[in-house]
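This report refers to the structure that appears directly beneath it.
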């Protein structure tokens, strides 16, 4: 599905454009209305889409399921990045924003998109445990998608905590109560990029498969430590 890869590149380009705006502009570097959000969302979703498109053929799923899951994931990536980018240009928060009917609609769509991400990538996570690939790549897939699952669940927890604060009429507090989960969310989301990428690089060496598997296992353990540090540092 070549269009999915092109879609990923477009998202990355969008993120880089907003990174330039962040660096060149005089707006805030942090907070819910910073150019940082469309920059990080564009690059992160674009890279993840490219990596998932590369990994999906290795998952033991019927071809039709692969195409459907990947297509839904690609569309949802655009929904998430598009909503964040739209609100950034309007200079209002994208998530947990219930100030107007339009803003509430955008927040609802983004939350629904997050639920779709959990379902689609959850199916891929389960399939990754049954992948018929060399042991080093199988371990990388399991650890990578497991890390991604942690990222998705922490993101869902952020939305739930923020929504609870908004429901109590504490709009500004909503952005504060989710802050401690951001490091965990950010680090864990990208394990699916790092670990399978490492396994692929090792497959290009002359090392025996047993040695490659040990290196991937060490890297997975190190990434697990990084996730733990992120969780502790945010609390």
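Remarks
- Of all residues in the range 16-34, those satisfying the criterion of being within 17 Å of residue 93 (Cα to Cα), within 20 Å of the chain's Cα centre (by Cα) and either at pLDDT 90 or above or crowded, with 16+ Cβ neighbours inside 10 Å (or both) are 18, 32, 33, 34.
- Enumeration of residues in the range 90-114 that are surrounded by fewer than 17 Cβ atoms within 10 Å (Cβ to Cβ), at pLDDT 90 or above and touching a helix residue (DSSP H, G or I) at 6+ places or on another chain (Cβ under 9 Å): 90, 92, 109, 112
- Put simply, of 140, 131 the only residue that is in contact with a helix residue (DSSP H, G or I) (Cβ under 7 Å, 6 or more places away or on another chain), part of a loop (DSSP other than H, G, I, E, B), more than 24 Å from residue 168 (Cα to Cα) and touching a residue at least 12 places away in the same chain (Cβ under 8 Å) is 131.
The values are calculated or read from the model by the stated rules, or taken from the named source; none is laboratory data. All values reported here derive from a predicted model rather than from experimental measurement. Don't worry about glycine lacking a Cβ; one is built from the backbone with ideal geometry, like all the others, and counts go over all protein chains shown.
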